[in-house]
Amino acid sequence: MKIMSFLKKNWIHFATIFLFLIVCLIYFSPQLDGYGLKQQDIEQWKGSAHETEVHRALYGEEPLWTNALFGGMPLIQISVIYGGNIIKSISNFYFSVIPAPMGIVFLHLICFYILGLFLRINPIVTAVGAFAFAFASYEIIIIEAGHATKAMATAFLPAIVGSFIYCYQKRTILGILLSSLFMAFELSTNHVQVTYYLAFLLIFMGFVFLYDAWKSKELKAFFITTASLICGYLVALVINYGNIGLTTDYAKHTIRGGNDITINSDGTKATQQSSGLDKDYITQWSYGIGETFTLISPNVKGGGSYALGNSPFVSILENTEFENGDPETVYKYGAYWGNQPFTSGPVYIGAIIVFLAFLGLIYIKSRIKWALLASTLLAIVLSWGKNYMGVTDFFIDYIPGYNKFRTVTINLIIAELCIPILAVLFVNELIKNKDEIKNKIKTLYISSGVFFIMLLLIKFIGLGDGYTSSEEKKQMANIDLELPKVEQNIKQQILSINPQQLKQQYNVNINNQSEVDAFAKEQANNQITSYKDNFGALKMVRKNIFNSSMNRTLLFVFVAGIFVFLFVQFGFTPLILSCGILTLVLADNVPVSNYYLGSEEIEEGEGEYKHWVSSATAKYPISSRIPDEQILQNELKENPELKVFIDKAE
């Protein structure tokens, strides 16, 4: 009877978790069929860790050194098992039950759901934010690339944030214990950069709670909670001190540590010594300022660094009418026109989620929204890196630890977390205070209208980039200066042609310099003109990609807005509202992520996937090839005694 009562009281939680599992099972269906994910970084890691795994199996010890990389190096960031860490053991058990990559996405969903429980948000509403967080395109892209520790570290962030808020709101020992537990799981992933960026969000929220405590004259309780949290986090650190301590010590002897060079190449004393990474290296991957709009519209910069002919925009390319340019050549041009050296895809959080978060800034009553907004804005500005060096310089020079991390685009993980939280807090507020919002319906109309008009302006005005990257702009600005060089190259080619053939085909006398010069100049002009025409055609295709992306965003925002208005005006049940928005968010986010990690087949019906390989290939991605076998046979001829060791697999 007690079991039935428990199930009746908590059925919604079980139903929501079951929904998470079903979506994961469908999305990762190839994994259930025995396929493994193609992950370049994991393949490289397996190659570098193989020697260590063999040593561990043979001798039952941790070598801490490998000869497989750079002629020998420490194993600290490659493969070390730290015994006695129960948190790591629990994590390993979880992934033995629900293996990656499915297990990583499911972990994202569960941790965001835990945040919703801490904040007492409607379970279905929480599911909206959970799916937006788990299926944000960047999360799927890093999983596909094999950045497993980064993805796992990100997955635990919502649980940490939820328990942090719970500690200050309820001030219970349970909150402190759970905060310490989730931080222990976070640190066990050993991706310090993600944890470091989380600290900014926790600091902003801490200031909000400090202000609330000051207003309510409860500063003593605030400082007790803060001290307890710090102690809890220190316990989490101690649990994981093995990997964190060695990582910290190891970093001192890498490019993240101090520079040992005391003189410059010209013999002068080196004065510009860095205590961390070089600024150029830190900001090499910086998100463009205009590129930030991918948070709400995925392809406003062309998606990823792939050729148009091998992109999701083939239909747009085929339907574009060119005034000039060769379609076959344009097929080979890149779709992406952002400022990063290259990218696998955009950071897309979702048009609907960003829209709901925007409304949340107006309607959410808790001051937590300002901490979430400040963290989001800071993450965005820091992700701009070299495109906005004022703030970046300040953080590199004056904020401890910031100069130890590269690829500042990772800051956007915090935006991926904060924006869905704002969105679900708004929907929860909408359900609880519908009548209050209805009485001020004009505010809802104005705020939604402003957001929609802003999107319309972006669509019709564009982002001011001319659908061209900064590097492409430099190239096109200097294209005419290349004419003499092109002419010279053509003259060199003419000299390699048989004089009789040159005369017959081009009516050029090799002995007549004026004819050669005129021919070379004509051909050079034709090449430059052709290049300009093809680039003009490329810009037309990119403009159509931009418009298609913005049309998609406008449609989703419009439908979501109508749904919110209908709920406020006609008052259908909160369950219908929650399920409707959940359906829209899945329809918005999942198809975008599916392109970067989905079940698309190379050839339909052949069973060969774009992103998946057989489990054997995934487990052993580096196998011997014919040349390797030939080398082995040659070695055996020279040293027959090696066969004994090979047969023993030693």
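The values are calculated or read from the model by the stated rules, or taken from the named source; none is laboratory data. Every value quoted in this text rests on a predicted model; they were computed, and no experiment measured them. Here the Cβ positions follow ideal geometry from the backbone for every residue, glycine too, while neighbour counts run over all protein chains shown. For the accessible areas, the whole protein counts, side chains as well, though only heavy atoms, and no ligand, DNA or RNA atoms are used. Shrake-Rupley method; radii C 1.70, N 1.55, O 1.52, S 1.80 Å.
Does Thr529 qualify as being hydroxyl-bearing (Ser, Thr, Tyr) and open to solvent by less than 10 Å² (accessible area, probe 1.4 Å)? The answer is no for Thr529. If you go through the stretch 100-139 and keep only what is surrounded by fewer than 23 Cβ atoms within 10 Å (Cβ to Cβ), aliphatic (A, V, I, L, M) and not in a helix (DSSP H, G or I), you end up with Ala100, Leu119.
This table checks each residue for (1) touching a strand residue (DSSP E or B) at 6+ places or on another chain (Cβ under 7 Å); (2) under 14 Å from Leu422 (Cβ atoms); (3) β-branched (Val, Ile, Thr).
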position	(1), (2), (3)
Val330	no, no, yes
Tyr336	no, no, no
Ser344	no, no, no
Tyr348	no, no, no
Ile368	no, yes, yes
Ser383	no, no, no
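Contact map, the stretch 489-510: residues that are over 22 Å from Ile528 (Cα atoms) paired with residues that are loosely packed, with under 14 Cβ neighbours inside 10 Å, Cβ distance under 7 Å, separation 6+ or inter-chain. Pairs shown: Ile510/Pro499.
In the stretch 1-45, which residues are in a loop (DSSP other than H, G, I, E, B) and within 21 Å of Pro99 (Cα to Cα)? Phe28, Asp33, Gly34, Lys38, Gln39 - these are the residues of the stretch 1-45 that are in a loop (DSSP other than H, G, I, E, B) and within 21 Å of Pro99 (Cα to Cα). Within the option set Gly60, Gly36, Gly71, being of a type in the set (Gly, Ala, Ser) and in contact (Cβ under 8 Å) with a residue 12 or more places away in the chain holds for one residue only, Gly36.
Does Thr154 count as among the β-branched types (Val, Ile, Thr) and more than 22 Å from the chain's Cα centre (by Cα)? No; evaluated as a whole, the condition is false for this residue. For the stretch 463-477, the set of residues classified as farther than 16 Å from Gly536 by Cβ and more than 24 Å from the chain's Cα centre (by Cα) consists of Gly464, Lys474, listed by residue number. The lone criterion from (1) in contact with a Pro (Cβ under 9 Å, 6 or more places away or on another chain); (2) within 19 Å of Gly36 (Cα to Cα); (3) hydroxyl-bearing (Ser, Thr, Tyr) left unmet by Ser137 is number (2). If you go through the stretch 566-590 and keep only what is modelled with pLDDT of 95 or more and not small (Gly, Ala, Ser), you end up with Ile581, Leu582, Thr583, Leu584, Val585, Leu586, Asp588, Asn589, Val590.
For Leu359, the criteria (1) open to solvent by 50 Å² or more (accessible area, probe 1.4 Å); (2) touching a residue at least 24 places away in the same chain (Cβ under 8 Å); (3) over 24 Å from the mean Cα position of the chain (by Cα) hold in every case but one, which is (1).
Counting the residues of the stretch 46-88 that are under 23 Å from Phe156 (Cα atoms), open to solvent by less than 50 Å² (accessible area, probe 1.4 Å) and assigned to a loop (DSSP other than H, G, I, E, B) gives 5.
When the helices (runs of 4 or more DSSP H) confined to the stretch 451-551 are screened for residues that are touching a helix residue (DSSP H, G or I) at 6+ places or on another chain (Cβ under 6 Å), those reaching at least 3 such residues are found at 483-495.
Let's see how each residue does on (1) open to solvent by less than 80 Å² (accessible area, probe 1.4 Å); (2) of a type in the set (Lys, Arg):
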residue: Asn594; (1), (2): yes, no
residue: Ile602; (1), (2): no, no
residue: His611; (1), (2): yes, no
residue: Pro627; (1), (2): yes, no
residue: Leu632; (1), (2): yes, no
residue: Lys637; (1), (2): no, yes
residue: Pro640; (1), (2): no, no
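From the list Ser180, Ser188, Ser137, which one is more than 22 Å from the chain's Cα centre (by Cα) and touching a residue at least 12 places away in the same chain (Cβ under 8 Å)? Ser180 is the lone residue from the list that is more than 22 Å from the chain's Cα centre (by Cα) and touching a residue at least 12 places away in the same chain (Cβ under 8 Å). Taken over the stretch 338-355, the residue count meeting the criterion of being hydrophobic (A, V, I, L, M, F, W, C), open to solvent by less than 10 Å² (accessible area, probe 1.4 Å) and closer than 12 Å to Thr294 by Cβ is 3. All told, Val516 meets the bar of being open to solvent by less than 80 Å² (accessible area, probe 1.4 Å), over 22 Å from Tyr348 (Cα atoms) and either without any contact (Cβ under 8 Å) to a residue 24 or more places away in the chain or not polar (S, T, N, Q) (or both).
Does the stretch 237-249 contain any residue that is surrounded by fewer than 19 Cβ atoms within 10 Å (Cβ to Cβ) and under 19 Å from Pro158 (Cα atoms)? Yes, the stretch 237-249 contains at least one residue that is surrounded by fewer than 19 Cβ atoms within 10 Å (Cβ to Cβ) and under 19 Å from Pro158 (Cα atoms). Out of curiosity, is Tyr348 touching a Gly at 6+ places or on another chain (Cβ under 9 Å) and of a type outside the set (Asp, Glu)? No; evaluated as a whole, the condition is false for this residue.
The residues on offer are Leu538, Leu554, and the sole one that is within 30 Å of Val585 (Cβ to Cβ) and open to solvent by less than 90 Å² (accessible area, probe 1.4 Å) is Leu554. Screening Ser315, Ser286, Ser228, Ser275 for residues that are in a loop (DSSP other than H, G, I, E, B) and at pLDDT 85 or above leaves exactly one candidate, Ser286.
If the condition is being closer than 17 Å to Arg552 by Cβ, without any contact (Cβ under 8 Å) to a residue 24 or more places away in the chain and either among the hydrophobic types (A, V, I, L, M, F, W, C) or surrounded by 15 or more Cβ atoms within 10 Å (Cβ to Cβ) (or both), then the stretch 304-331 contributes only Val314. When you look at Lys521, is it under 30 Å from Ser470 (Cβ atoms) and open to solvent by 60 Å² or more (accessible area, probe 1.4 Å), yes or no? No.
Every condition in (1) part of a loop (DSSP other than H, G, I, E, B); (2) modelled with pLDDT of 90 or more is met by Glu323 except one, and the failing one is (2). Take the residues in the stretch 289-303 that are part of a loop (DSSP other than H, G, I, E, B) and either open to solvent by less than 10 Å² (accessible area, probe 1.4 Å) or touching an Asp or Glu at 6+ places or on another chain (Cβ under 9 Å) (or both), then tell me which one is farthest from Leu412 (Cα to Cα). Per the criteria, the residue is Gly302. The residues of the stretch 160-215 that are open to solvent by less than 60 Å² (accessible area, probe 1.4 Å) and not in a helix (DSSP H, G or I), listed by number, are Thr172, Thr189, Asn190, His191.
Taken as a whole, the structure leaves Val613 outside the set of residues that are in a helix (DSSP H, G or I) and in contact (Cβ under 8 Å) with a residue 12 or more places away in the chain.
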